[in-house]
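Peer 1: I am attaching a structure below and will ask some questions about it afterwards.
The values are calculated or read from the model by the stated rules, or taken from the named source; none is laboratory data. Bear in mind the structure is a predicted one, so any value in this text is a computation, not a measurement. Backbone-built Cβ (ideal geometry, glycine too); neighbour counts: all protein chains shown.
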Amino acid sequence: MSQTQASLRGGPEPLVSVRGLRTLFATERGLVRAVDGVDLNIHKGRSLGIVGESGCGKTVLSRSIMGLLPSTAHREGSVRYEGHELVGKSVGSMRRFWGQEMSMVFQNPMVSLNPVMRIGEQIAEPLRIHLGMSRSDARDTALQLLEEVRIPEPKRRLRQYAHELSGGMRQRVVIAIALSCGPAILFADEPTTALDVTVQSQILDLIAERRQDRNMAVVLVTHDLGVVAGHTNEIAVMYAGKIVERAPTNELFANVKMPYTRSLLRSIPRLDDDPHTRLHAISGRPPDLIDPPSGCRFAPRCAYARERCHVEAPPLQPTENPDHVYACWYPVGSAEFFEREEELVATGVHVRGRQ
Amino acid sequence: MTAARRGLGFGFWLSISWLIVISLAAIFAPWLPLKDPGENYIVAGARPPYGPSSTHWLGTDQDARDVFARTIFGARTSLVIGFGAISFGIILGGTLGVLSGYFRGWTDRIASIVMLILLSFPGLILAILITALLDRGLATIAITLGILGVAPVGRLARASTLVFAERDFVTAARAIGSSNRRIIVRELLPNVVIPMAALSLLGMAIAIVAEGGLAFLGLSVDEGVTWGKLILLGAGTRDLERAPWISFGPISMLFLTVLALNYAGDRLRDYFDVKDITL
Amino acid sequence: MLSYVAQRLTLAVCLLLAVSALTFSGMNLLGDPLVNILGPIAADTKNPNSIALIEAAEAEYHLDKSLPERYVRWLGDLVRGDLGVQFSSTGEPPVSNIIKERAPRTAVLLVMAQSLAVLISIPWALLAASRARRPADRISTVTSFLLIALPNFALAVILKYLLAIKLGWFPITYTANDPFLSRIYQTFLPALTIALPAAAVYQRLLRTDLITTLQEDFILMARAKGVSKWKVLLRHALRPSFFSFITVFGINTGALIGGSLVVETIFRIPGLGTTIVEAIIRDDFPVVLAVVMIATSVFVLVNVLVDILYSFLDPRVKR
Ligand code: SF4
């Protein structure tokens with residue numbers, strides 16, 4: 001624990017600090033531990049990527065930090081926002097934060113806009129609720145926001161409905177809504193997954209630009225390490241409700257420690273790949289969060305797992321770089337790792353030279 | 001998913017039991033130890049209607065006739081009307097729907113127009129029209145109410161036929177060279193019948209209620225007692241004031257029966273819808 | 001859009017033509033039309049008064065002409081607002097007058113009933129959906145199920161007994177000569193009788209749609225904007241859930257027309273229901289025909305209006 005604490009040090013007081021956060025859902029089958037003890041710092045004006053496969057709890061983590069959970073959910077631990085403790089706050093008092101201090105961009109803009117409300121109305125809504133703007137002021141501000149997210153013919157859009165807009169444009173509208181009240185932190189949950197490849201980077205660039213000129217924190221949740229590579233300062237890799245590796249973006253790509261992160265990295269398609277290179281998809285599925293495996297949760301799927309991994313859960317520990325922490329007994333670079341790697345290459349499971 | 005696996009549930013079987021009990025009571029009414037529904041049980045020195053007592057469980061009506069016995073005998077007519085109506089609706093509507101769903105083309109178009117016109121009449125109005133014009137025998141009433149069911153049944157039958165006609169086993173039967181009649185009777189019908197059973201329970205409830213409506217308009221069967229006519233008998237303000245049991249006896253019987261039919265029909269429909277998807 | 005409206009209206013007119021032709025020929029083919037119009041008078045060919053009536057009826061209804069011709073003439077009269085002469089020995093006024101006097105009462109009853117049903121069902125559905133699958137919602141589901149199983153005439157008897165006779169909250173009789181407001185008050189109980197089961201039907205439907213809508217991402221988005229729970233329900237969830245509600249509202253009007261005729265006779269409101277019952281007893285078929293045509297036309301027109309309204313309200317409908 002002290003090591004963890006050490007690695008969470010660093011510079012000024014963070015905007016959001018998450019400690020020991022657990023999020024449990026009561027279901028018919030039992031208690032789902034979607035987030036199981038997470039520590040994080042989110043800093044003003046910086047961008048954090050939360051990465052993992054689907055079903056590893058990253059979406060729940062982002063919503064849990066924001067407190068945006070269904071009534072069946074239960075939160076434990078601590079989330080401090082500018083000194084306010086958010087865990088335990090009622091939904092009613094959280095509403096002051098939502099849309100104003102923290103806002104969220106959802107995955108699929110096809111379904112995250114109200115189909116029967118005009119775009120203008122939807123952008124104006126938080127302005128009127130939080131900033132108490134008049135109808136006409138809200139409309140003017142909505143127009144500015146649409147310009148800010150670079151939507152062509154913004155005036156006309158105000159009167160249109162979501163179904164009249166393209167997917168990329170809808171996501172820009174969603175971003176405009178999220179930005180409307182000048183939030184200090186923006187959560188973007190797979191903001192580009194549902195979009196065309198050509199639009200994806202435009203949307204990510206747009207978010208990055210707004211972050212810089214508004215000095216806003218951004219949490220980018222994605223299953224795609226490729227997405228976060230160019231758009232984040234720091235990355236936290238999540239597996240089965242836990243953070244398994246966290247590092248500044250460059251450091252992570254240069255010096256990956258955790259085998260799970262490494263598999264994620266290897267599954268990014270690269271431009272210099274031969275056209276027919278097989279992607280290294282990770283075999284198997286993330287574990288059941290009702291009854292997760294004891295020991296290292298990645299062990300059942302890990303090619304480097306040994307006896308100890310199945311019994312004892314590895315704690316987060318720092319590398320030489322104190323900002324880089326990972327949870328693994330036999331990390332990339334360790335003697336045991338190389339030993340196993342040799343065996344795998346020998347049996348033809350792995351191809352040398354790709355990392 | 002889990003709900004479907006749990007089976008039809010306690011409520012369903014309770015409903016079915018009630019329906020069986022009331023049907024048996026109706027069928028065997030003349031042989032049951034009931035009071036005579038036509039007899040006037042005048043008590044010397046007191047004017048009817050008499051309140052519920054150990055001799056008259058649900059009291060008597062204005063003519064000192066036993067309400068309970070009359071309610072059970074009323075079930076005979078009401079259930080026959082409900083059953084007759086829905087049988088008629090299913091036979092005619094089902095034939096129309098299956099044929100139009102199977103043959104498509106002109107058959108389908110004509111059947112659709114017929115159903116559309118039938119559906120343009122507001123519920124009871126068509127029944128009022130027919131019963132006003134014809135003599136009001138049991139069969140007339142049953143058939144009239146059955147006509148109301150033709151369009152909804154036809155639509156369902158057509159829809160299920162369309163779905164099933166696309167399925168492999170029909171194509172397979174066709175490929176073997178079976179005749180159209182054989183395909184319809186052997187392959188299609190059993191699959192259309194299941195959703196139809198659910199609909200017929202709901203339809204029977206509607207027909208029984210509709211008979212009541214007609215009774216209140218003076219358009220129910222001329223002869224014999226029905227639940228509708230029995231309720232009407234006690235519905236006048238003065239009678240309600242002094243002898244509410246005359247109406248409330250048959251009302252409770254009617255209500256329980258309609259409730260059971262609705263519930264059983266709903267459960268059956270939900271149950272088979274789920275199965276339908278997994279087919 | 002315009003072509004859509006035109007298309008719907010054309011269909012409605014065709015349906016009305018078909019329905020009226022069917023009704024008219026039914027009236028004329030089943031039994032002797034003269035008997036249908038005049039009742040027992042038709043057989044009384046000795047009495048000079050009857051003979052005069054018979055001749056007048058034959059002339060008025062062109063009974064010497066062929067059926068299609070008679071239909072066309074009747075239709076022509078109908079379009080001009082003439083529903084025919086009523087023949088009775090008591091010298092009742094023409095059908096159109098009776099209808100003009102009585103139809104508004106039925107209309108008031110129906111409009112009140114539907115408004116009550118909507119006013120009851122919307123908050124009910126919102127309450128049930130916001131507490132989905134919790135005890136309050138389960139109680140509401142059972143209640144609506146019971147209400148739906150209760151036939152309107154039975155409910156009429158029960159409400160009359162409880163609210164009018166036992167509690168005395170509402171008047172039992174309808175007095176046609178009372179001022180408008182007191183007649184509204186007298187219509188309240190019958191309207192409630194029609195409204196309660198209708199509200200249960202609407203509530204069930206709206207609740208299901210609301211629960212589906214509440215699971216949509218745009219609801220989460222609205223919450224993330226900081227919109228309050230009730231505003232989420234009212235502004236975001238209700239509107240998109242409203243469309244099947246409107247459709248069922250239209251279809252249900254048909255059932256309610258039939259039901260209102262029955263309820264009218266129980267509460268003795270001299271509206272169309274009472275009219276048709278009296279007409280049937282007297283074998284006064286032009287009146288029966290007129291009431292059937294009015295009820296059917298209203299039903300068909302309401303459905304067309306609902307269709308058109310639907311396409312106006314839902315921006316997603318391609319026009
Ligand atoms: S602790 Fe063991 S099982 Fe877990 S990632 Fe490291 S090597 Fe694999």
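Peer 1: Looking only at region B:235-249, count every residue that is closer than 30 Å to B:Phe12 by Cβ and within 9 Å of another protein chain (Cβ to nearest Cβ) and tell me the total. Can you show your working first?
Peer 2: Residues of region B:235-249 closer than 30 Å to B:Phe12 by Cβ: B:247-249.
Next cut, within 9 Å of another protein chain (Cβ to nearest Cβ) only: B:247-248.
Here the count works out to 2.
Peer 1: Got at least one residue in region A:269-290 being over 27 Å from A:Ile151 (Cβ atoms), within 16 Å of the ligand (Cβ to nearest atom), modelled with pLDDT of 85 or more and buried (at least 16 other Cβ atoms within 10 Å of the Cβ)?
Peer 2: no
Peer 1: Run down A:Gly99, A:Gly55 and say which single residue is surrounded by fewer than 23 Cβ atoms within 10 Å (Cβ to Cβ), in contact (Cβ under 8 Å) with a residue 24 or more places away in the chain and within 19 Å of the chain's Cα centre (by Cα).
Peer 2: On the way: A:Gly99 fails: surrounded by fewer than 23 Cβ atoms within 10 Å (Cβ to Cβ).
Among A:Gly99, A:Gly55, only A:Gly55 is surrounded by fewer than 23 Cβ atoms within 10 Å (Cβ to Cβ), in contact (Cβ under 8 Å) with a residue 24 or more places away in the chain and within 19 Å of the chain's Cα centre (by Cα).
Peer 1: Any idea which of C:Ile41, C:Ile54, C:Ile37 is crowded, with 18+ Cβ neighbours inside 10 Å, modelled with pLDDT under 75, part of a helix (DSSP H, G or I) and over 27 Å from the mean Cα position of the chain (by Cα)?
Peer 2: Details: C:Ile54 fails: modelled with pLDDT under 75; C:Ile37 fails: over 27 Å from the mean Cα position of the chain (by Cα).
That would be C:Ile41, the only listed residue that is crowded, with 18+ Cβ neighbours inside 10 Å, modelled with pLDDT under 75, part of a helix (DSSP H, G or I) and over 27 Å from the mean Cα position of the chain (by Cα).
This table checks each residue for (1) under 16 Å from C:Thr208 (Cα atoms); (2) part of a helix (DSSP H, G or I); (3) free of Cβ contacts under 8 Å to residues at least 24 places away in the same chain.
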| residue | (1), (2), (3) |
| --- | --- |
| C:Leu110 | no, yes, no |
| C:Ala117 | no, yes, no |
| C:Trp124 | yes, yes, no |
| C:Arg133 | yes, no, yes |
| C:Arg138 | yes, yes, yes |
| C:Val142 | yes, yes, yes |
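Peer 1: Ok, one more. Every residue in region A:293-317 that is near the ligand (Cβ under 10 Å from one of its atoms) and of a type in the set (Gly, Ala, Ser), please.
Peer 2: Filtering region A:293-317 down to residues near the ligand (Cβ under 10 Å from one of its atoms) leaves A:293, A:295-310, A:312-314.
Correct list: A:Gly295, A:Ala299, A:Ala303, A:Ala305, A:Ala313.
Peer 1: Could we say that A:Ala346 is at pLDDT below 90 and within 8 Å of the ligand (Cβ to nearest atom) here? Before you say what the answer is, go through the steps one by one.
Peer 2: Working: at pLDDT below 90: yes; within 8 Å of the ligand (Cβ to nearest atom): no.
It is false that A:Ala346 is at pLDDT below 90 and within 8 Å of the ligand (Cβ to nearest atom).
Peer 1: When residues of region A:182-215 are filtered for being farther than 27 Å from A:Thr261 by Cβ and in contact with a helix residue (DSSP H, G or I) (Cβ under 8 Å, 6 or more places away or on another chain), how many remain?
Peer 2: 7
Peer 1: Tell me, yes or no, whether region C:299-312 has at least one residue that is β-branched (Val, Ile, Thr), under 19 Å from the mean Cα position of the chain (by Cα), facing another protein chain (nearest Cβ under 8 Å) and under 21 Å from C:Phe153 (Cβ atoms).
Peer 2: The answer is no; no qualifying residue exists.
Peer 1: Let me ask you something else. Can you spot a residue in region A:77-85 that is touching a residue at least 24 places away in the same chain (Cβ under 8 Å), closer than 25 Å to A:Gly37 by Cβ and facing another protein chain (nearest Cβ under 8 Å)?
Peer 2: Of the residues in region A:77-85, the ones touching a residue at least 24 places away in the same chain (Cβ under 8 Å) are A:77-82.
Okay, now just the ones that are also closer than 25 Å to A:Gly37 by Cβ, so A:77-82.
Applying the additional criterion that residues be facing another protein chain (nearest Cβ under 8 Å) yields none.
So far as region A:77-85 goes, no, none of its residues is touching a residue at least 24 places away in the same chain (Cβ under 8 Å), closer than 25 Å to A:Gly37 by Cβ and facing another protein chain (nearest Cβ under 8 Å).
Peer 1: Which ranges mark the helices (runs of 4 or more DSSP H) fully within region C:180-294 that have 1 or more residues being more than 10 Å from every other protein chain (Cβ to nearest Cβ)?
Peer 2: Correct list: C:180-214, C:238-267, C:272-281.
Every residue, every condition in (1) among the charged types (D, E, K, R); (2) more than 10 Å from every other protein chain (Cβ to nearest Cβ); (3) assigned to a loop (DSSP other than H, G, I, E, B), yes or no:
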position: A:Gln107; (1), (2), (3): no, no, yes
position: A:Met117; (1), (2), (3): no, no, yes
position: A:Glu121; (1), (2), (3): yes, no, no
position: A:Asp137; (1), (2), (3): yes, yes, no
position: A:Leu145; (1), (2), (3): no, yes, no
position: A:Ile151; (1), (2), (3): no, yes, yes
position: A:Arg157; (1), (2), (3): yes, yes, no
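Peer 1: Still on this model: From the list B:Ala111, B:Ala139, which one is within 17 Å of the chain's Cα centre (by Cα), over 21 Å from C:Ala279 (Cα atoms) and away from every other protein chain (no Cβ under 13 Å)?
Peer 2: B:Ala139 is the lone residue from the list that is within 17 Å of the chain's Cα centre (by Cα), over 21 Å from C:Ala279 (Cα atoms) and away from every other protein chain (no Cβ under 13 Å).
Peer 1: Another question, if that's okay. Yes or no: C:Leu163 more than 20 Å from the chain's Cα centre (by Cα), at negative phi and in contact (Cβ under 8 Å) with a residue 24 or more places away in the chain? So that I can check it myself, show each step before the final result.
Peer 2: Numbers: more than 20 Å from the chain's Cα centre (by Cα): yes; at negative phi: yes; in contact (Cβ under 8 Å) with a residue 24 or more places away in the chain: yes.
Taking the combined requirement at face value, the residue satisfies it.
Peer 1: Do the conditions hold for B:Val193, that is, is it at pLDDT below 80, among the β-branched types (Val, Ile, Thr) and out of contact with any helix residue (DSSP H, G or I) (no Cβ under 6 Å at 6 or more places or on another chain)? Spell out the reasoning first.
Peer 2: Values: at pLDDT below 80: yes; among the β-branched types (Val, Ile, Thr): yes; out of contact with any helix residue (DSSP H, G or I) (no Cβ under 6 Å at 6 or more places or on another chain): yes.
Spelling it out, B:Val193 is indeed at pLDDT below 80, among the β-branched types (Val, Ile, Thr) and out of contact with any helix residue (DSSP H, G or I) (no Cβ under 6 Å at 6 or more places or on another chain).
Peer 1: Could you check region A:318-341 and list, in sequence order, the residues that are closer than 21 Å to A:Arg246 by Cβ and within 11 Å of the ligand (Cβ to nearest atom)?
Peer 2: Going residue by residue through region A:318-341, those that are closer than 21 Å to A:Arg246 by Cβ are A:318-334, A:337.
If the condition is that a residue be closer than 21 Å to A:Arg246 by Cβ and within 11 Å of the ligand (Cβ to nearest atom), then A:Tyr326, A:Ala327, A:Cys328, A:Trp329, A:Tyr330, A:Pro331, A:Val332, A:Ser334, A:Phe337 are the ones that fit.
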